[in-house]
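Just below is one structure, and these are the notes that go with it.
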Number of protein chains: 4
Amino acid sequence: MALTIGVDIGGTKVAAGVVDEDGQIVEHLLRPTPAENPDQVAHTIGDAILELSKGREIEAVGLGAAGFVDETRSIVRFAPNLAWREEPLQRKVSDMVGLPVVVENDANAMAWGEARFGAGRGETHLVCVTVGTGIGGGIVLDGSLYRGRWGMGAELGHMQAVPDGRLCGCGNLGCWEQYASGNALVSEARRIAEAEPDKAVKLLEIAGGTPDQIEGQEVTEAARQGDPAALAAFSSMARWIGQGLADLAAVLDPGCFVLGGGVSRAADLWIDETREFYTTHLSGRGHRPLADIRCAELGASAGLVGAADLARRR
Amino acid sequence: MALTIGVDIGGTKVAAGVVDEDGQIVEHLLRPTPAENPDQVAHTIGDAILELSKGREIEAVGLGAAGFVDETRSIVRFAPNLAWREEPLQRKVSDMVGLPVVVENDANAMAWGEARFGAGRGETHLVCVTVGTGIGGGIVLDGSLYRGRWGMGAELGHMQAVPDGRLCGCGNLGCWEQYASGNALVSEARRIAEAEPDKAVKLLEIAGGTPDQIEGQEVTEAARQGDPAALAAFSSMARWIGQGLADLAAVLDPGCFVLGGGVSRAADLWIDETREFYTTHLSGRGHRPLADIRCAELGASAGLVGAADLARRR
Amino acid sequence: MALTIGVDIGGTKVAAGVVDEDGQIVEHLLRPTPAENPDQVAHTIGDAILELSKGREIEAVGLGAAGFVDETRSIVRFAPNLAWREEPLQRKVSDMVGLPVVVENDANAMAWGEARFGAGRGETHLVCVTVGTGIGGGIVLDGSLYRGRWGMGAELGHMQAVPDGRLCGCGNLGCWEQYASGNALVSEARRIAEAEPDKAVKLLEIAGGTPDQIEGQEVTEAARQGDPAALAAFSSMARWIGQGLADLAAVLDPGCFVLGGGVSRAADLWIDETREFYTTHLSGRGHRPLADIRCAELGASAGLVGAADLARRR
Amino acid sequence: MALTIGVDIGGTKVAAGVVDEDGQIVEHLLRPTPAENPDQVAHTIGDAILELSKGREIEAVGLGAAGFVDETRSIVRFAPNLAWREEPLQRKVSDMVGLPVVVENDANAMAWGEARFGAGRGETHLVCVTVGTGIGGGIVLDGSLYRGRWGMGAELGHMQAVPDGRLCGCGNLGCWEQYASGNALVSEARRIAEAEPDKAVKLLEIAGGTPDQIEGQEVTEAARQGDPAALAAFSSMARWIGQGLADLAAVLDPGCFVLGGGVSRAADLWIDETREFYTTHLSGRGHRPLADIRCAELGASAGLVGAADLARRR
């Protein structure tokens, strides 16, 4: 049975695994990312692949990396976490390991993993929204991963949600991820805790007393205990996510949305409100089927599994 | 040489034509649409096809209709201008004419026409935005027309541009077409003429004195004569179009945008401002190639030609 | 005891009354407004005053009119309902009746009536917001009615709530009254009933089946029966009212807000949500006293009583 | 001739001066603010007053302080720069100096200084907008300083300009000062320099190469040299200022606006655009006189002079 290797290159660690045709991880290892030295990252990746390849026939390798990947799936044009600029990652790694290599955007790899083996199994048209620090996106259309003309498609977090809205790291104002991400959740929770501390008694207690110490985990825990500020922050995020999904449905008409990323682990706290908002703000509602809104199923290994499978279909 | 027939079904007239493989219209006719009697529309269409077919070998027929078309390209689910609901147009017409028939959304057919034989020739990834009364859209990805999971894709005019913005006919608030269409142009020109008549002296003169009589033609003519109100209305529309294209690029990363529809006939008055706004509001600018923004080339026959070609590829 | 006469000049009827120093109406009459003939309005007003004056010593007359009144309280610059332009109403009426006459904006007169004898008794700093078809406003500061430098103050409905928002009759975009008035309530209820009829079952039943027939009364009745669409429309209006009050508090820091107008008759359906939104969106909350938010108490006679009292203080 | 003393208490220095009835500063001194020890600030103020009083008959003292001042003009409820909370400043200073003392908000004092002796001379209804780091405000109505019911009036920077807009230090979203202040100017200039460095060549050169080093002075200098990014940042600020003035005119109908603060020193770069935007976005334009928009005239001494004059009118 043909095996491929998938590698998920994060800012702090490199996860690599041997994956079979059913998306099962046969073997798996983790290495710290030498992030302070971007030149060594390719070396670390190559080492991991060589180790996993020992005694196995590996067909190809798929690398998932946060950043803009070019349309030939060879070069990382810009990767904020690893300081890569026009990095010829495909060539470097394939030279080291002597195997076919493809490079994918990490959110694309995750989307593909979920589409093939996770929450999107059987769906031909699917949009995967990764709600983490920011928002990542991956799009599967007519059964294939969609990359765009130059590999820059599915940068979903940068649709504009609010004209003249909050400043985004991308340099624009009002990007969706400024309202609908984990960062937005935390920022809204802190804002309420600062401005209305009596609504955030539990949240502040959990966070050790000051709004600055509130992070996603504190908001989640406080929301589970019924803290009004934490619930309001989740509600705001949930509605903005719903609005963005409605915008995406106007463009793409997918069969389902898969919501992943760190914030989706607490999806029970907010996904119903996202569904409700989506349903009531979808243009053409009543004259069209409703896309399903689901949680991702593969968790942290979606990117690795997706990258491995994309290598198989290179 | 294989010929097909394309039909563009509008609210006032039905245009049908015999089209060859190069997108050339070999013969062409026009019939009034019996809009007050939606049942007769299929009959009118069938008649036109039969007349055009005389003495010719026709391979297939493509029908372009404003409205939601189902994913099997057979049924018009909802067509506002023709009062169709779940209309089995494909079956009705193919029964009459004895030929293979496909039904397409009209904006999709136009996009395909432009992609194959017009401004988008040679482009694999293209978004066509039809700026008329409202905004229509068509998307070509990886060289194929994109329809969505249920045939409802590319309803581009209904992405939200302004939260809690202007009421749209679709029942939502702040849809893009409320800011970036011909209707928006006229409404903004009337608003300025009403509120600041001294800025709209020429515009009001051309319109016969009152803001209510201002239509698109008057705004265009006044803008050509330098009327400040008309120019401001074009400028507003141009910028909102640019913002929407930037949002679409974040999702789709197309190689080019083709702008069609009635308002694009005066594109010299506004398209440069759209390009400038797009370029300065695109997320990731500087790290990615810029999609071209072009005017449609086929004019009113784009839909007919596109529908005919789509029939060939059924 | 000194008596004055107050007149409330509406688009359909003229209400006039003799009012004592305690704001009690001693005698009262109603006349239809000859709105199709603006010249006759002054005559109708004069007649009513003369009739009420018979056998009584009247000190002065106060006229309340919808429209812009100049800073000398003599001339109605612009009255949409009565087609007055630069109407010298003070002179016309005083010539007829031989008494001192002052002209006031009707919302100002209402605010004064409430401040002196209604919900604002004892308050020195008060903002009255009349939520009817649109939004009217009156401001009492340091115990005096505030008119502005040229008599145009307190046009509260025309603060901008949403940049590039809904078109207002005043020619601007996004005015507060487009979101926070009775018209906004009806428009939102119709929108939801059209787009999501399953949420508006009762509302549509009450309105006789079609969204177009929904008016304020239907929304109110449906909301009382728990109709989700009607409740959502009230909720939207309530929150926008709360936001506007928070903006006004940033400028004026009043001791209380008095909410009047037709929509305030159903205040039990929405005023709590307005208070909650105000409290949580007030800048500086926690470091400042909270203004009271109250319902008007004088109902339809507030304008008449206020105009009469302002005449006394001319 | 009666003399009073005015004191302007800033975060870094205390400016005090003896002022005559014509608003002339007779003598003047500066002391560093012992900001790290808020208790000593009253002592520093008292010392300065005693020194200036030597050999003179002083009628009263006015203190201007950034922060919320209570309606009795005695207590500073909250002063961010000096860490005062419920500080009984009036009592402390009057105990030290044995003179009548009034405490005023610093922006109120500036507004009064400009109204009496500066750009607002002769105006009875005036709004002063201080465009510095944030936005401060002062309102003069019917010839008197307006303070609000509890002394919190004229916090103009915290009207909402953009729903769900940028986070403000006050805990709200979308406050006017997030769009129309010096901070907003710098933040917009940095944003453009980061996202479109080719538009900010001069600006970046002046700032030493990196967007982070851009401050107000750099934006001003670059704008004078025609730098497109700097000009765009000024233009954005100018328009948002104009919108806010239009909102204020809807509420207050002032005879003039006086624009002060650090950013007004470069008013030639932006005030015309503010005037134009104001004129075209004022509700009721065409039916009302236009308030004048002027630059402040007294510069940094406006607060001191205003506080001194308010002491005279205590």
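Values quoted throughout were computed directly from the atomic coordinates according to the rules given, and no laboratory measurement underlies them. What you see is a predicted model, and the numbers here were worked out from it, not measured in a lab. So basically every Cβ, Gly included, is an ideal-geometry build from the backbone, and we count neighbours across all protein chains shown.
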- Note on the structure: Helix-only [θ] at 222 nm, chain C, -39500 (n - 2.57) per DSSP H run of 4+, per residue, nearest 500, equals -11500 deg cm²/dmol
- Item | Computed label-point distance, nm, for sites residue C:37 and residue A:54 using a 7 Å Cα→Cβ extension | 10.8 nm
- For peptide C:275-288, compute the average count of partner chain beta-carbon atoms within 10 Å of each residue's beta-carbon. 5
- Note on the structure: Diffing the range C:135-147: the Karplus 3J(HN,Hα) column from phi (6.51, -1.76, 1.60, θ = phi - 60°), in whole Hz with x for Gly and Pro, holds 10, x, x, x, 10, 10, 10, 6, x, 10, 5, 9, 10
- Item | Under 19 Å from residue D:202, Cα to Cα: aspartates and glutamates that are on another chain or at least 8 residues apart | D:188, D:194, D:212, D:215, D:218, D:221, D:227
- Note on the structure: If each K or R counts +1 and each D or E counts -1, the residues other than residue C:54 whose Cβ falls under 13 Å of its Cβ total -3
- Summing +1 per Lys or Arg and -1 per Asp or Glu among the other residues with Cβ less than 11 Å from residue C:288's Cβ gives -1
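For the protein assembly as shown, what is one quarter of the convex hull surface built on the Cα atoms, given in nm²?
53.1 nm²
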- Rounded to the nearest 0.05, FRET efficiency between residue C:224 and residue C:29 (Cβ-Cβ, R0 41 Å) equals 0.75
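Return one quarter of the surface area of the convex hull spanned by the alpha-carbon atoms of the range A:165-220, equal to its mean projected area, in nm².
Working: hull surface 15.5 nm².
Over every viewing direction, the Cα hull of the range A:165-220 projects on average to 3.9 nm².
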- Message: Which one, C:283, C:301, C:235, has the greatest fluctuation when you compute a Gaussian network model over chain C with C-alpha springs under 10 angstrom?
- Response: C:283
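Given contacts defined as C-alpha pairs under 8 Å and at least six residues apart, what's the relative contact order of the range B:244-306, whole-number percent? Present the calculation step by step, with values, prior to reporting the outcome.
Values: 42 pairs, mean separation 33.0, N = 63.
Over the range B:244-306, the number comes to 52 percent.
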- Give the percent of DSSP beta bridges with both residues in the range D:104-263 that are antiparallel, rounded to the nearest 5. 70 percent
- Message: I want to verify a result. In a Gaussian network model of chain A, Cα cutoff 10 Å, which of these has the top mean-square fluctuation: A:139, A:206, A:58?
- Response: A:206
- Query: If you find the alpha carbon centre of the range C:1-73 and of the range D:242-314, how far apart are they in angstrom?
  - Reply: 38 Å
- List the distances, in nm and shortest first, from the label point of residue A:276 to the matching label points in every other copy, placing each point 7 Å from Cα along the Cα-to-Cβ direction. 1.2, 4.6, 4.8
- Item | For the range D:110-123, 3J(HN,Hα) per residue [Karplus equation, 6.51 cos²θ - 1.76 cosθ + 1.60, θ = phi - 60°, Hz, x = Gly/Pro] | 4, 4, 5, x, 5, 5, 7, 10, x, 5, x, 3, x, 8
- Task: Quick one: check the C-alpha center-to-center distance for the range B:115-140 versus the range C:220-235, whole angstrom.
- Result: 43 Å
- Query: Hey, which residue of C has the C-beta nearest the axis mapping C onto A, and what's the distance in Å?
  - Reply: C:163, 3
- Exam field: residue C:289 pseudo-label spacings to other copies (7 Å along Cα-Cβ), nanometres: 3.5, 6.3, 6.8
- Of B:106, B:39, B:253, the one that fluctuates the most in a GNM where chain B has Cα springs shorter than 10 Å: B:39
- Relative contact order (percent, whole number), chain B, Cα cutoff 8 Å, 6+ residue spacing: 21 percent
- Item | Residue-by-residue Karplus 3J(HN,Hα) for the range A:262-268, coefficients 6.51, -1.76, 1.60, Hz, glycine and proline x | x, 5, 6, 5, 10, 4, 4
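How many Cβ atoms of partner chains, on average, are near each residue of D:239-250 if near means within 10 Å of its Cβ?
What the average comes to for D:239-250 is 4.
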- Query: Copy-to-copy spacing for residue D:86, label 7 Å out on the Cα-to-C-beta vector, in nm, shortest first?
  - Reply: 5.9, 6.5, 7.0
- Item | Around residue B:181: net Lys/Arg minus Asp/Glu count, Cβ-Cβ under 12 Å | -1
- Determine the gain in length on full extension of the stretch residue C:210-residue C:313; use 0.36 nm per residue of separation and subtract their C-alpha separation, reporting nm with one decimal. 32.1 nm
- Sequence-distant aspartates and glutamates (8 or more away, or on other chains) whose Cα lies within less than 16 Å of residue D:54: D:20, D:27
- Under the definition of partner shielding as Cβ atoms of other protein chains within 10 Å of a residue Cβ, what is the mean value for peptide D:104-112? 0
- Item | Cα-based reach from residue B:92 at 19 Å (exclusive), listing aspartates and glutamates while leaving out same-chain residues under 8 positions away | B:8, B:36, B:39, B:47, B:51, B:59, B:70, B:71, B:104, B:106
